[in-house]
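Q: Okay, here's the structure, questions in a sec.
No value in this document is a laboratory result; all are computed from the given coordinates. Computed from a predicted structure; not experimentally measured. Neighbour counts are summed over all protein chains in view; Cβ atoms, including those assigned to glycine, are modelled from backbone coordinates with ideal geometry.
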Amino acid sequence: MIQDVISEDKSKAFLFCNEAIVRAALESDVKVVAFYPGSPVSEILDTFYRISNNFDIKMEVATNEKVALEIVAGASMGGQRSLTAMKSVGLNVASDTFFSLGYTGINKGCVLVFADDPFCHSSQSEEDGRFFASNAYIPMLEPSDPVEAKEMVKHAFEISEKFKTIVLIRTTTRINHQSTIVPLDPLNRTVFESTSFREGEKKYSTVGSKAREYKLMMLQRRDKIKDEFEKSQFNFVIEGYPNFGIITSGVSYNYVLEVCDKLDIRPPILKLGTTYPLPENLISNFIKKLKGVIIVEELSPYLELNVKALAKDTNPDIIIIGKESGHFSEAFEYNIPIIFNVFREIYNIKSDTDYRTLLENRNKLKSILPIRIPVFCPGCPHRATFWALNRAIGGKSNEIAFMNDIGCYSMLLLNNDIYSKLNPDDLLLSMGATLGTGSGVSLASKEKVISVIGDSTFFHAGLPGMVNICHNNEDVIVIVLDNSVTAMTGQQTNPGTPVGDPKKKIHIENILKGIGFEDLTINDCFDARNCIPSFKKALGEKGPSVIISRGPCALWNDRNKRRRGEKIQPYYVDRDVCRKCHTCMRDFYCPAISMEETMTEFTDENDKTWKGFSSHVSPELCDGCGVCSIICPYTNHEERSAKDVIKPYKTPREVRHDL
């Protein structure tokens with residue numbers, strides 16, 4: 001709850017981890033925050049967006065993660081505490097600036113929260129961002145729960161100002177999405193007062209000889225931070241009987257504790273919270289007298305490789321159990337069963353618990369369930385766009401190459417059977433890659449290239465690719481899906497969102513015209529049939545063409561309608577005249593449309609009888625986009641009559657009023 005995040009009279013509150021991070025920043029008197037949304041840290045942005053005016057915080061939704069990092073770094077250099085948060089692939093985007101900041105340093109406290117995503121819950125790759133810290137010589141802390149996350153963020157501001165460096169807080173999806181009771185400290189907020197960039201007389205330029213000078217300073221800074229981390233409260237040992245110890249960090253620490261409790265074992269555990277620079281003396285002392293040590297960490301063998309290097313001098317005979325021993329995988333998330341099975345083997349414990357059998361039985365039960373394919377929301381503009389594009393392509397599926405991108409439309413990859421004419425699994429790499437790869441494919445192959453990109457991704461990483469397509473006159477069709485918001489991560493604003501003063505809406509068509517595109521079409525995607533000709537025209541012509549498919553995100557649009565007190569008008573299927581052709585179900589795949597359970601029949605004016613189960617539109621789910629009535633072959637969407645199969649829904653009161 002937002003009220004708990006900003007509370008000034010509570011001593012504790014039940015908080016989502018991302019909310020606990022926001023609370024920590026508030027208690028640290030943060031003044032400037034900037035973000036580009038990305039799961040699993042989107043709620044940090046959302047929470048700040050809702051509360052920033054309450055605390056005189058300057059907050060911006062940046063065009064991408066690199067810009068967000070530059071905003072908060074600049075604010076720090078200008079004398080204000082600042083914070084940003086991004087997902088792991090977002091740090092890839094920001095890495096150019098990130099590495100340079102390792103050299104230049106900052107001024108006031110500057111914290112970067114970044115979240116890895118083991119198991120790719122909401123990411124296109126499963127990467128281990130811990131190596132960013134060691135490569136950039138930037139300190140990193142890793143919490144195991146919301147309470148620790150809050151404490152670490154506050155401590156990170158102190159470290160940042162003491163050593164004049166940006167500080168990383170590394171989380172993972174299972175950390176960000178935890179909730180628990182979190183102790184609250186006083187806010188003690190101060191009034192925002194502009195400071196002077198010149199006050200500190202520090203320069204932040206790095207190139208050539210200056211960079212070589214900074215490199216030596218970075219190494220000195222790292223060693224000083226390492227000495228401090230040796231005594232950090234976030235690193236501690238849980239004593240146990242000697243033999244095989246455990247070293248762990250992050251969410252894996254929680255799994256270790258639970259498994260030890262289930263197996264009733266008490267091994268010594270070293271829990272690491274400062275994972276760069278690592279507290280090498282603490283680790284060496286921990287493993288010095290052990291027969292073996294189990295390293296429990298998700299993804300890469302980051303801790304394992306460092307422990308092996310230290311063990312060579314400290315305890316060369318120690319047995320190290322981890323990924324390289326084959327006991328743990330470098331892929332995916334860990335869980336209780338994975339760690340349970342390894343511990344049971346290493347500690348030679350018999351147990352009646354058999355997770356493998358439980359998993360097999362669970363999978364048997366799941367096998368009888370119908371497959372549920374993720375689909376677009378009711379009223380989603382993308383469904384209408386891809387319906388029209390499917391019709392335009394017709395039987396020429398083998399003549400196109402489909403370049404997809406990151407956004408809600410990424411789900412096409414999971415909907416390959418539904419949109420098979422589009423070849424939706426041809427390509428999906430990273431934000432904005434649809435344009436560069438589209439150019440490359442157009443140069444190399446005979447297929448007509450279709451590159452699809454959303455409005456937020458267009459602003460985030462699409463502009464260089466668009467310039468390249470226009471400048472080189474590439475034979476690429478670019479479809480810009482403009483739904484007004486960054487929908488996939490929670491309907492956050494982007495530069496094309498109509499948000500009002502003092503922010504300015506950026507019109508995509510103006511940018512494209514300024515770049516030099518001449519073949520530019522704007523479609524109302526919900527007018528689905530009338531969108532087909534523009535797609536066909538683009539498919540039949542050479543050279544670059546751009547089609548902006550415009551229609552608001554259904555969730556965002558409905559929320560705005562409710563705020564304005566506007567009615568959402570659903571549609572319904574008149575089963576008394578329905579021909580049971582199921583075009584609306586077969587071709588449109590809207591989750592608001594299902595099949596009636598009762599068989600009905602209808603005899604038309606030609607004495608032909610149509611018998612079967614009518615389609616049914618759920619008034620609770622229907623968004624009122626009306627596309628189903630446009631594609632129904634027995635409905636005249638333009639000139640309404642009683643003969644129409646799919647019609648706007650009316651309540652009994654409205655019907656009586658019309659009569």
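Q: Sort Tyr571, Tyr419, Tyr241, Tyr347 by Cβ crowding within 10 Å, fewest neighbours at the top.
A: Lowest count first: Tyr241, Tyr347, Tyr419, Tyr571.
Q: Quick one: check the C-alpha center-to-center distance for region 603-627 versus region 48-69, whole angstrom.
A: Cα centres, region 603-627 to region 48-69: 47 Å.
Q: Also, quick follow-up: Rounding to the nearest 20 debye, state how big the charge dipole of the chain is about its Cα centre with +1 on each Lys and Arg Cβ and -1 on each Asp and Glu Cβ.
A: Roughly 480 debye, rounded to the nearest 20.
Q: So, one more: Whole angstrom only: what separates the Cα centroid of region 120-195 from the Cα centroid of region 251-299?
A: The two parts, judged by their Cα centres, are 21 Å apart.
Q: PRE reach from Tyr347 (point 7 Å along Cα→Cβ): which of region 295-327 fall under 17 Å by backbone N?
A: Only 295-297, 321-322 fall inside the zone, counting backbone N under 17 Å.
Q: Kindly work out what percent of the DSSP beta bridges joining two residues of the chain are antiparallel, to the nearest 5.
A: Restricted to the chain, the bridges split so that about 30 percent are antiparallel.
Q: Right, here's the next one. For a quick check: with amide H placed at 1.01 Å from N, whose amide H comes under 5 Å from Ser7's, ignoring anything fewer than 5 positions away on the same chain?
A: none
Q: Residues of region 243-257 with amide nitrogen under 18 Å from the 7 Å Cα-to-Cβ point of Asn335?
A: Only 251-257 pass the distance filter.
Q: Amide H neighbours of Ile400 under 5 Å, at least 5 residues apart or on other chains, H built in the peptide plane: list them.
A: Those qualifying (amide H under 5 Å, at least 5 residues apart or on another chain) are Lys448.
Q: Hey, with R₀ at 25 Å, roughly what FRET efficiency would Asp264 and Ser300 work out to, going by the Cβ-Cβ distance, to 0.05?
A: E between Asp264 and Ser300, to the nearest 0.05, is 0.20.
Q: Please name which of Asn363, Gly612, Met1 has its Cα lying farthest along the dipole of the chain towards the positive end, using unit charges on Cβ (Lys, Arg +1; Asp, Glu -1) and the Cα centre as origin.
A: Farthest along the dipole direction, towards plus: Met1.
Q: Continuing with this model, one more query. By count of other Cβ within 10 Å, fewest leading, how are Arg362, Arg23 ordered?
A: Ranking Arg362, Arg23 by Cβ neighbours within 10 Å, fewest first, gives Arg362, Arg23.
Q: Still on this model: Once the mean 1/r over all distinct Cα pairs of region 95-190 is inverted, what Kirkwood radius in angstroms do you read off?
A: Every distinct Cα pair counted, the radius reaches 14.5 Å.
Q: Let's see if you can work this out: charge +1 on each Lys and Arg Cβ, -1 on each Asp and Glu Cβ, no other charges. What is the dipole magnitude of region 381-560 about its Cα centre, in debye to the nearest 20?
A: 260
Q: Which lysines have a Cα lying under 29 Å from the Cα of Lys643, excluding residues fewer than 8 positions away in the same chain?
A: Within reach: Lys567, Lys580, Lys608, Lys611.
Q: What is the Cα radius of gyration of the chain over 2.2 N^0.38 Å, N being its residue count?
A: That ratio works out to 1.11.
Q: Let me ask something else. Considering amide H positions built from the backbone, and no H for Pro or chain starts, which residues 5 or more places from Glu333, or on another chain, come under 5 Å of its amide H?
A: Long-range HN contacts for Glu333: Phe119.
Q: Would you mind estimating how fast region 381-560 diffuses translationally, via Stokes-Einstein at 4 °C and 1.567 mPa s with the Kirkwood radius over Cα pairs, in µm²/s?
A: Rounded, D is 80 µm²/s.
Q: If I require 20 Å or longer along the helix axis, counting alpha carbons, and a Kyte-Doolittle average no lower than 0.0, what helices from the chain are left? Use full DSSP H segments.
A: Once both thresholds are applied, what remains is 88-104.
Q: Once the cut-off is 19 Å, how many percent of the Cα-Cα pairs in region 535-639 end up in the long-distance tail?
A: For region 535-639, the share of Cα pairs beyond 19 Å comes to 57 percent.
Q: Label points 7 Å out from Cα along the Cβ direction at Lys289 and Ile368: separation in nm?
A: 5.7
Q: Starting from the Cα-Cα distance between Ser397 and Glu509, subtract it from 0.36 nm times their residue separation and give me the gain in nm to one decimal.
A: My answer for the length gained is 37.5 nm.
Q: Is there a pair in Lys291/Lys312; Lys288/Lys308; Lys396/Lys542; Lys231/Lys289 whose C-alpha atoms are over 18 Å apart, and which pairs would that be?
A: Distance filter (> 18 Å) returns Lys231/Lys289.
Q: Report the full-extension gain for the segment Glu601 to Leu443: residue separation times 0.36 nm, less the Cα-Cα distance, to one decimal in nm.
A: 51.4 nm
Q: Restricting to DSSP loop positions (anything but H, G, I, E, B) with no more than 15 other Cβ atoms inside 10 Å of their own Cβ, which chymotrypsin sites (Phe, Trp or Tyr not before Pro) remain in region 142-203?
A: Those satisfying the criteria are Phe192, Phe197.
Q: A follow-up question, please. Using a Förster distance of 41 angstrom, determine the FRET efficiency expected from the C-beta separation of Glu620 and Lys12, and round it to 0.05.
A: Once rounded, the FRET efficiency stands at 0.60.
Q: List the lysines whose Cα lies under 28 Å from the Cα of Lys203, skipping any in the same chain that are fewer than 8 positions away.
A: Correct list for Lys203: Lys31, Lys58, Lys66, Lys108, Lys154, Lys162, Lys164, Lys215, Lys224, Lys226.
Q: Would you list which aspartates and glutamates come within 20 Å of Lys448, measuring only between C-alpha atoms, while excluding same-chain residues fewer than 8 positions from it?
A: Correct list for Lys448: Glu399, Asp405, Asp425, Asp426, Glu474, Asp475, Glu518, Asp519, Glu541.
Q: So how far, in whole Å, is the C-alpha centre of region 316-353 from the one of region 97-116?
A: Using only Cα atoms, the two centres lie 35 Å from each other.
Q: Magnitude of the Cβ-charge dipole of region 301-371, K/R +1 and D/E -1, about the Cα centre, nearest 20 debye?
A: That gives a dipole near 300 debye.
Q: Something else now. Arranged by the count of other C-beta atoms within 10 angstrom, fewest first, what order do Ile346, Ile21, Ile630, Ile547 take?
A: Ranking Ile346, Ile21, Ile630, Ile547 by Cβ neighbours within 10 Å, fewest first, gives Ile346, Ile630, Ile547, Ile21.
Q: For a test of the definition: using alpha carbon positions, the gyration tensor, and the 1.5 limit on a/c, classify region 407-497 as rounded, prolate or oblate.
A: oblate
Q: Want the number for Asn53 to Trp610: 0.36 nm per residue separation, take away the alpha-carbon distance, what's left?
A: Gain on extension, Asn53 to Trp610, equals 194.5 nm.
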